[in-house]
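Working notes for the structure below.
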Amino acid sequence: IYNRTNQLEGRVILAYDITDRKKLEKDLKDTNESLQAQLQENERLRVQLQEQAIRDPLTGVFNRRYLAEALDKETARAVREKSPFSLIVLDVDFFKKVNDTYGHKCGDLVLQSLAKFLQENTRRSDIVCRFGGEEFVILMPDAAVEDAYERAERFRNNFALQVVKYEGKQVKSTFSAGVASFPVHANVGETLLSMADLALYQSKANGRNRVTVFSPEIEEPAPAK
């Protein structure tokens, strides 16, 4: 405040109570943080549920449903890009004997051991799937039939050296496998899978613990009586 001679004589100070505003700002901040945390939790649960929908709960590899989708996509890509891909279908030899001798818990350990072995020895682009029971499928993009066969043989030989320890016992297992490749054997994913399965049955018929590449001479296995 200035007087008539323009000299400062005092000041007027206005004070506002902003307690309510600060409280509202804090409440809004807390609410926003809570919403962000909830959104993150929702996303985590969504990813978890998605993984559960496409993963085998026992072994952690992909399940049959995921393989069907991946096989369709890979077939379309291979047709479009004119690139090969292969399927390896493998089955643990004498798995029922393992269950009968040591129990189902030991059988589960054998399946988990095989799944872990396959995950550690396949490429990042390969898809390992538990197709059902003791049967697994490996989808190998950009792998011609010769490459797939060589890798399946390497897997077979190396897995035979694996040991599952169960209740003081050392359990060893082997597997039989069948190989089929696009476009050499078929240009339809489901047909290719059936051919690899037929090659697997041929491996079993020939004594197990071996890899067979599909050929037209392989016949359908006789139905069980």
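Some observations on this one:
- Among the protein heavy atoms of the stretch 1-136, carbon and sulfur supply 53% of the accessible surface, probe 1.4 Å, non-protein parts ignored.
- In the context of the full set of protein chains, residues of the chain present 64 Å² of accessible surface per residue (probe radius 1.4 Å, heavy atoms only).
- Note on the chain: dipole from Cβ charges, positive end direction compared against Pro84, Ala180, Phe95; the farthest Cα belongs to Phe95.
- Rounded accessible area of Ile1 (nearest 10 Å², 1.4 Å probe): 100 Å²
- Using alpha-carbon coordinates, inclination of helix 189-205 to the longest axis of the chain, degrees: 50 degrees
- Each Lys or Arg adds one and each Asp or Glu subtracts one; over the other residues with Cβ under 11 Å from the Cβ of Asp142, this totals -2.
- Axis angle, to the nearest 10 degrees, between helix 19-54 and the longest C-alpha principal axis of the chain: 0 degrees.
- Of the GluC sites (Glu not before Pro) found in the stretch 113-175, the ones in coil according to DSSP and having at most 14 other Cβ atoms within 10 Å of their Cβ are Glu167.
- Answer label, with Cα Rg over 2.2 N^0.38 Å calculated from the coordinates and candidates [x] 1.04; [y] 1.81; [z] 1.10: [y]
- Nearest-20 debye value, the chain charge dipole, Cβ charges on Lys, Arg, Asp, Glu: 580 debye
- Which listed pairs, of Lys73/Lys105; Lys97/Lys204; Lys96/Lys116; Lys73/Lys97; Lys97/Lys165; Lys73/Lys96, have C-alpha distances above 27 Å, in listed order: Lys73/Lys105; Lys73/Lys97; Lys73/Lys96
- Furthest towards positive pole of dipole, Asn121, Leu200, Ile13, structure part the chain, Cβ charges: Ile13
- Nearest-ten-degree value, helix 145-159 long axis tilted from longest Cα axis of the chain: 90 degrees
- Ligands, DNA and RNA left out, the accessible area of the stretch 157-225 computed with a 1.4 Å probe is 49% carbon and sulfur.
- Evaluated over the stretch 93-161, the Cα radius of gyration and Dmax, each in Å: 13.2, 40
- Full extension of the chain segment joining Thr174 with Glu120 gains 17.7 nm, where the gain is 0.36 nm per residue of separation less the Cα-Cα distance.
- The Rg/Rh ratio for the stretch 8-96 is 1.52, where Rg is the radius of gyration of the alpha carbons and Rh is the Kirkwood radius.
The values are calculated or read from the model by the stated rules, or taken from the named source; none is laboratory data. The structure displayed is predicted, hence computed values, not measured ones. Heads up, the Cβs are rebuilt from the backbone with ideal geometry, glycines too, and the neighbour counts pull from every protein chain shown. Side chains are part of the model used for accessible areas, which takes the heavy atoms of the whole protein and leaves out ligands, DNA and RNA. Shrake-Rupley method; radii C 1.70, N 1.55, O 1.52, S 1.80 Å.
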